[in-house]
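Presented below is the structure to which this report refers.
What follows is calculated from the coordinates using simple rules that are stated; it is not laboratory data. The structure displayed is predicted, hence computed values, not measured ones. Quick reminder, even Gly has a Cβ in these numbers, built from the backbone with ideal geometry, and neighbours come from all protein chains shown.
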């Protein structure tokens, strides 16, 4: 590029920045957290705050389960129950699921592709803080004093906030506005971070890291970011509309003025269904890393796995109205959405078979990550099967908005997603903290949590068949629901014990865990090529990649992978 | 970021920590929070947000601010109490993509079709000896798709019906081909000893159990009228025949280790040493 | 795939600023899609007047200004690539003026709609969808104008360096996108809906 007039850079190198005086001082640590643009610290902060919100939302769920333990219970009133399920759902989806995914993406994507940081480090910090403050704003709705325009009310319209429930006339005060505006903020943060991940994967790969050599984890995060980029703005659009309706008297969803309440459902689920795949993507990502390493075999069918990921995300953009079979659509629309929804099961099935094929014939090492990943395989299969059942419109007419649906998506999100999150945390814990997680504590965690999970949610399938609708705060004694509800609530206790083991394990291992070294699992991706925890700059020398298993090549220069790929 | 800048070779350039993003984020939050509380807060949020973005802009313009971190040689072979079982070269399966070989696709089609023929003959023999009509089982099978058969008498079901024959042939044939195709992936993964037992008897028994449970919904006529023992016998004959044909076929590589382009047939696979 | 020893020489990745801008544009398109669909969905469904065919006039001058600004920003970029600073500043400033004129045009249109025709965002579903869609576009023009202004000021103060061509290109991507959206808005709002 020729430049006669534009002057060349006369930029002087600044002196190294001094943050605080002593490396370990309190101010230094605060500064490091608040001012950081380091993807690793931000990633851990994402995961940490997601875990924090997870505990809060879990407590809300426990309150609801206590209320439903007996018929005609009076533990929570109807209002408190409504705010509880709204806040539980909203928090789990927007403040736990997505931030968790972004946390893993933030921490691992640059390490896995051999980069020093994300493409836009400052935007990364911005994305995190917007999400975090958005979450705080959502929970501020509990605290806000009634004097401040009656703000002391949490949202109570359900996590999908169906119109016309959200209209000024039916939702007085500002509870719905808290839902709308805090999630609008969260949306800004999510799009910012997704953009960052996407650009990082495309533009910051180290030498030789072609798209065909990306770890499947990175592929999943790429697809996830792409879905966020396409789906989240739709939610933001919905929320802008609802805000206009509520503040300026616009008529988007005002049925009396010719607006349409069903349009909200379409718009929301155009976002909402890709969102479900956004949430499950980290599960695919983590499983695809954990299973090969602990089966001592490369992943089976790498290109097909990637193709399945891409096609799942593509199909997921065209299935939204399967949430709306009960609304009443033409039979053509019904048929379309039934078919497209059933199509999802094909790539998903391919993935499950490929994971099994990866394990088949391998030398399985049942360490904590693999234990949780195997749990995932079974539970995700059940979730997928109930999903296929619900995809069929007549079946959905019968069971929509019943506890069967609740059971289905909790099998997806807990049995599927949360188990792999645990698996991922145990897998990368040594990388992030340099210490091994304690196996025994982790095993207890697994045992209690698995038992509790199935105790809680398996009976909810039956409750759905028995006709129990979701979102009711109490029920009569003679419906045949008592025993199942009681068992379901007892399960929560087991889950809570499991979570206590988990949290205790995180703290205990941080202090007492054995030293991990660089590569405690004999893994093959680049994040294990640097020290644990990695230095600020990730890699002293930028790696050069020749195959899908760069670290195998480094360990075995006489028999490298690239000769076979 | 700045390839021209002269820098100490023992340092790494990293983006400088900065407070502006958090200030911008906080301002944006206040801006929204004000809508629920007081517009004064919105105004304040706007100002904070604006200053945050301006500060941010000055951070990255004209040059993203960065600082230099000295590279410390990491304490490489870190001693750890933990022993890691490294995967060794030449160890069984260190680069294994199983199954290495499977029967070819068309073996599944062939097995399925031949199995289907055997099974159909078995069913017709049953129809002939028990009811005196070889069309009886055919009509039973197609009843899933032909609503009129729901109330039909046994006599009607014994009569020849061309449409029913077409439906039955199509459904029987397509399902059989599908199962034949399943066999080519399934059989190599079953225990090698007594393959005929696992593939020919146990597998048909499993799917017959599944059919027994679901046939009421799929094809109530068939489930009411069929003789389940004979039905199981038919399935086992299918399993044995189809399994035998698939099993005897010469196996081909799964091409798992080839590139995607080679698998699609766009590129010629490299010759194996 | 064999070992690629020349990889050091051929390893080149796209610029992160441009890819970032394209990604942002993708997200913005999703946002606009929802508003356009809402407009189309409510087209002809307003229960009370005013209706589009009664009050909307084709925004000829505004559209000409906005469309030609795409050409001028292209010329500015070309001048920058040639190292012609004066040409760059001229065309860039011209783009800025055209953008501001478009905003002025939209402003007068809105004043007329509100005070003469009595159409506000709360009047009917046409008002709701019209103001939200056109307003969203106008908001993007405002952001674009601010970006243009930032570069313009930097250019005038001679702060624009050779390493900034990427920034300039990314901003011009954004400006072209705003223009493309206007084509959609123009056809949906001012051409299709006035005939319903």
If eta is 0.692 mPa s and T is 37 °C, what Stokes-Einstein diffusion coefficient results for segment A:32-563, Kirkwood Rh from Cα pairs, in µm²/s?
138
Here the whole-number average of other chain Cβ atoms within 10 Å per Cβ of A:245-258 is 5
Residue order, fewest to most beta carbons within 10 Å, for A:209, A:305
A:305, A:209
For the residues A:184, B:43, C:26, C:66, what sequence is obtained by ranking on other C-beta atoms within 10 Å, fewest first?
B:43, C:26, A:184, C:66
Starting from the Kirkwood radius over alpha-carbon pairs of segment A:258-379, derive D by Stokes-Einstein at 10 °C in a medium of 1.306 mPa s and give it in µm² s⁻¹.
99
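For chain C, what does the alpha-carbon gyration tensor say about shape, rounded, prolate or oblate, given a ≥ b ≥ c as the root eigenvalues, a/c under 1.5 as rounded, and a/b over b/c as prolate?
Oblate, since a/c reaches 1.5 and b/c is not below a/b.
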Would you kindly state how much longer the chain becomes between residue A:33 and residue A:397 on full extension, computed as 0.36 nm times their sequence separation minus their alpha carbon distance, in nm to one decimal?
126.1 nm
Over segment A:411-536, equivalent-ellipsoid semi-axes from the Cα gyration tensor in Å
40, 14, 10
What do the square roots of 5 times the Cα gyration tensor eigenvalues come to for segment A:259-327, in whole Å, largest first, as semi-axes of the equivalent ellipsoid?
34, 11, 8
Pairwise FRET efficiency - residue B:65 versus residue A:540, Cβ, R0 = 22 Å, nearest 0.05:
0.45
Segment A:288-334 - Kirkwood radius from inverse mean 1/r over Cα pairs (Å)
13.6
On each of the three principal axes the extent of the alpha-carbon atoms of segment B:11-70, given in whole Å and largest first, is 49, 20, 9
GNM flexibility winner over chain C from C:156, C:181, C:73 (Cα, springs under 10 Å)
C:156
Space enclosed by the convex hull of the alpha-carbon atoms of segment A:390-462, per residue, Å³:
83
How would you rank C:96, A:368, going from fewest to most other Cβ atoms within 10 Å of each one's own Cβ?
C:96, A:368
May I ask for the percentage of alpha-carbon pairs in segment C:54-156 that lie more than 25 Å from each other?
31
Pick from C:135, C:150, C:87 the residue whose mean-square fluctuation is largest in a GNM of chain C, springs joining Cα atoms under 10 Å.
C:150
Could you give the Stokes-Einstein D for the protein assembly as shown in µm² per second, using the C-alpha Kirkwood radius, 20 °C, 1.002 mPa s?
67
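FRET efficiency for residue A:440 and residue B:146, Cβ-Cβ distance as r, R0 = 51 Å, nearest 0.05?
Plugging the Cβ-Cβ distance into 1/(1 + (r/R0)^6) gives 0.25.
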Between segment C:91-164 and segment A:71-110, the alpha-carbon center distance in angstrom:
39
Output the Cα-based Rg and Dmax of segment A:205-269 in Å, rounding Rg to one decimal and Dmax to a whole number.
19.2, 61
Which log10 I(q)/I(0) values, to two decimals, does segment A:461-502 give at q = 0.15, 0.20, 0.22, 0.27 Å⁻¹ under the Debye formula with one point per Cα?
-0.45, -0.68, -0.76, -0.95
Label-point separation (nm) for residue A:317 and residue A:25, each offset 7 Å from Cα along Cα-to-Cβ?
5.3
Label points 7 Å out from Cα along the Cβ direction at residue B:155 and residue A:248: separation in nm?
7.8
Candidates C:78, C:161, C:18, ranked by Gaussian network fluctuation over chain C, Cα under 10 Å, top entry
C:161
